[in-house]
Amino acid sequence: MEAKPCFWQSKYQIHAQAFPRFGWKSCEKTDTALIKKKKKRYCCHDRCPIVYVHLQLFAGNDADEFSSILNRKSDPKILITTCRFNSTRGPAFISELLSVIPNAHYYKRGTYDLKKIVEYAKKKDFTSLIVVHTNRREPDALLIIGLPDGPTAHFKLSKLVLRKDVKNHGNPTSHIPELVLNNFTTRLGHRIGRMIQSLFPQAPNFGGRRVVTFHNQRDFIFFRHHRYIFESKESKQGDSKGNKDKDAKGEKSSRGKVVARLQECGPRFTLKLISLQHGTFDTKGGEYEWVHKPEMDTSRRRFFL
Amino acid sequence: MPRTSTLECPGCPPIRALTFDVLGLVKVTEARSKEGGIPKVVDRWGEPDSSKCILAASIDDRKSGPLLAIAREGGLIEILNPLNGHPCLSISNIIDNGPEPGDDAIVGLHLFKKQNLDLSSRSHTLLTCTTKGNASMRSVELTSSHADSTSSVSSRTWNVCASGNILCSQVDGNENYALFGGKGVEVNVWDLEQGTKIWTAKSPPKNSLGLFTPTWFTSATFLSKDDHRKFVAGTNSHQVRLYDISAQRRPVISFDFRETPIKAVAEDQDGYTIYIGNGSGDLASVDMRTGKLLGCFLGKCSGSIRSIARHPELPVIASCGLDSYLRFWDIKTRKVLSAVFLKQPLTNVVFDSNFAEEEVPSSVVDPPTEAQNTNETQESDEEEVQPLKRKKKSSKHSGSKKPKPKKRSKKAQDETVDDSS
């Protein structure tokens, strides 16, 4: 694999150009460590050798709340619930989420307080709690709460397309999916990436040919769910097209090579991070690790995730 | 609409700050005016280890033999030399037959500045307070050979609160009184010499709806160095309260600030201004004589502010928090001087006020040369104070009318004048 820009350089190269007077460059030089940006196919260690080791990043990773799941010491168990008032599209979206995320359980909200639901989930050994919030009969926010003390990420949900509305959709199987997390380069993005990673079991079943993708671009996270199949194709010589986007249901045609065909199944939506809170859900007494403020939008090219 | 032009940050005056983070690392950041005032991380002490998360820190920055005390998770207290990070002493706060250190973490730590003038062995006093309310005052000796002396000359432990958790503790400027407050614990003021509680606060009455907010103090500080009677406390329900011991038990002034808990309060040297930082990264300065908000510090701080430090001489404050940034702010203009990314969520920051531009040899603890060293550092500090004052004057005059590039050239001119003189 060709060398991709390293973990720190990709963010700080952009910023060093835009803000030459800021002290951004100090962080490039302090540690001798840079990590190669790898597509987080966590299973394929042999394909992405790590060139340098970023000690503080790894120490931080070992210390954070997801390390026990990501080190395969415990299995994820997700509790999905909604806000108090449900809507037409809400239950349909939730049933699709249940098919996407393995080992997820749905409980009706009732009129319980969210803090009480967090305690209940802790008692029953859930590792994550997802709350789908609806507004005007459409799901519009997603709250992912790590348990027991995990951070709370509040996402804005938009552009939801249910499975039945996707053209030529496929039906997902129940194999454990492969997870692709793209472009979570900054420190905050890395943390959110690990949080999403901790929702899924860490032992993907490649035989099931199922892939779930979270692609971050300009602070929007695009969720897609595909089934793929490899086919060996013999094609004519002058027929080579360029590599298309991974989302396209197109064919990579080259001469006599193996081709991957994708079929989209499951919902399609985009998420945008509104705030990341340290600790479980507590709007009044909570402290935030990251919250978006309008004074942070100083440049059109600066993104946080 | 987002700004399309770049924003130039004015540089920092020469300062040195030490930050402490959740992985137990101590990072030293220095800004030198030769390099354009951009602070850089100069040193990093410790190994990344999350079981040694630093919970509290206190610096005694005397001119000779400054010391830095830090409290780590697991009940470990270390005393380091802030100039080179060498540990002088490490003590364990674990009490026999007491609760596990995991439950009873240290919340407050204070290294006393007064000490015996006996030069052969210097004893220092430490006040620590844990979440369950066990406050202990112990004095330790530091022998001149830097050996790990674990002898504690005297140690006194008492319980500050019967129930609840202590979340904040501070010692006043004259180091005779200490205050403690927390969740379910009203603020109390103790006399340290006699070991008695001299005052307890009373919570404000129920509001018009009959609702009573539970007591939950998240930060507190004394208002001025000389007066132990007035102090400011911030609560979990985003209220800032001024208490006066000599007046009444209920708060004298109380006002709301935004919507998240007040996580850090720091006082200014004029005795009436305070700086507050809350859980969503808003930093503001307030005049406590009237309770009026003087202004907010706008500067892209997106994480909870855990600690604010005010430089003893320069009009600079430093704030650090969960977004892993250390930011320096100018007090008068309330603008960011610069920001440093430090990779880990930060818990505390302190200033080392004896930072001089020239290289000063680190003061060694040998008794005969101590006097010489104090003279040297004092002289170099005096030289430094004058050029800084000149720079401040020029910036005041030119700041209002002339645009920024001209101001910088004036500063450069002043620098060259000083170097030649």
Checklist entry - Which of the residues spanning segment A:281-305 are at the interface with chain B (Cβ under 7 Å from one of its Cβ atoms), touching a residue at least 24 places away in the same chain (Cβ under 8 Å) and part of a loop (DSSP other than H, G, I, E, B)? => result A:GLY286, A:SER299
Checklist outcome for this item: Filtering segment B:34-52 down to residues that are without any contact (Cβ under 8 Å) to a residue 60 or more places away in the chain, in contact with a strand residue (DSSP E or B) (Cβ under 7 Å, 6 or more places away or on another chain) and at the interface with chain A (Cβ under 8 Å from one of its Cβ atoms) yields B:ARG44
Next on the checklist: Looking at segment B:53-65 only, could you name the residues that are open to solvent by 40 Å² or more (accessible area, probe 1.4 Å) and either modelled with pLDDT of 85 or more or within 13 Å of chain A (Cβ to nearest Cβ) (or both)?
Outcome noted: B:LEU55
Checklist entry - Out of the residues in segment B:279-288 that are assigned to a loop (DSSP other than H, G, I, E, B) and open to solvent by less than 10 Å² (accessible area, probe 1.4 Å), which is nearest to the other protein chains (Cβ to nearest Cβ)? => result B:GLY279
Next on the checklist: Based on this model, can you work out whether B:ASP323 counts as farther than 28 Å from A:ALA63 by Cβ and out of contact with any Lys or Arg (no Cβ under 6 Å at 6 or more places or on another chain)?
Outcome noted: no
Checklist entry - Only one of (1) in a strand (DSSP E or B); (2) closer than 25 Å to A:GLU287 by Cα; (3) open to solvent by 30 Å² or more (accessible area, probe 1.4 Å) fails for A:VAL131. Which number is that? => result (3)
Next on the checklist: From the list B:LEU109, B:LEU89, exactly one residue is open to solvent by less than 10 Å² (accessible area, probe 1.4 Å) and at pLDDT 75 or above. Which is it?
Outcome noted: B:LEU89
Next on the checklist: Give me the residue from segment B:316-343 that is touching a Ser or Thr at 6+ places or on another chain (Cβ under 9 Å), more than 8 Å from chain A (Cβ to nearest Cβ) and not aliphatic (A, V, I, L, M) and, out of that set, farthest from B:ASP61 (Cα to Cα).
Outcome noted: B:ARG334
Checklist entry - Does A:LEU276 satisfy being in contact with a Lys or Arg (Cβ under 8 Å, 6 or more places away or on another chain), within 10 Å of chain B (Cβ to nearest Cβ) and either part of a loop (DSSP other than H, G, I, E, B) or of a type in the set (A, V, I, L, M, F, W, C) (or both)? => result yes
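Per-residue answers, yes or no, for (1) in a loop (DSSP other than H, G, I, E, B); (2) surrounded by fewer than 20 Cβ atoms within 10 Å (Cβ to Cβ); (3) out of contact with any Lys or Arg (no Cβ under 9 Å at 6 or more places or on another chain):
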position	(1), (2), (3)
B:GLU259	yes, yes, no
B:ALA264	no, no, no
B:GLN269	yes, yes, no
B:GLY277	no, no, no
B:THR290	yes, yes, yes
B:GLY295	no, yes, no
B:GLY303	yes, no, yes
B:ALA309	no, no, yes
B:GLU313	yes, yes, yes
Checklist entry - Limited to segment A:72-91, what total is found for residues that are open to solvent by less than 10 Å² (accessible area, probe 1.4 Å) and under 17 Å from A:PRO102 (Cα atoms)? => result 5
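Only one of these is touching a Leu at 6+ places or on another chain (Cβ under 8 Å), under 17 Å from B:PHE328 (Cβ atoms), open to solvent by 10 Å² or more (accessible area, probe 1.4 Å) and not in a loop (DSSP other than H, G, I, E, B): B:VAL28, B:VAL41. Name it.
Being touching a Leu at 6+ places or on another chain (Cβ under 8 Å), under 17 Å from B:PHE328 (Cβ atoms), open to solvent by 10 Å² or more (accessible area, probe 1.4 Å) and not in a loop (DSSP other than H, G, I, E, B) holds for just one of B:VAL28, B:VAL41, which is B:VAL41.
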Checklist entry - Among the residues of segment A:238-259, is any on the phi > 0 side of the Ramachandran plot and either in contact with a Phe, Trp or Tyr (Cβ under 7 Å, 6 or more places away or on another chain) or at pLDDT 85 or above (or both)? => result no
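The values are calculated or read from the model by the stated rules, or taken from the named source; none is laboratory data. Just so you know, these numbers come straight off a predicted model, no measurement behind them. In this analysis, Cβ positions are derived from the backbone assuming ideal geometry, glycine residues included, and neighbour counts consider all displayed protein chains. Accessible surface is based on the protein model in full, side chains and every heavy atom, while ligands, DNA and RNA are left aside. Shrake-Rupley method; radii C 1.70, N 1.55, O 1.52, S 1.80 Å.
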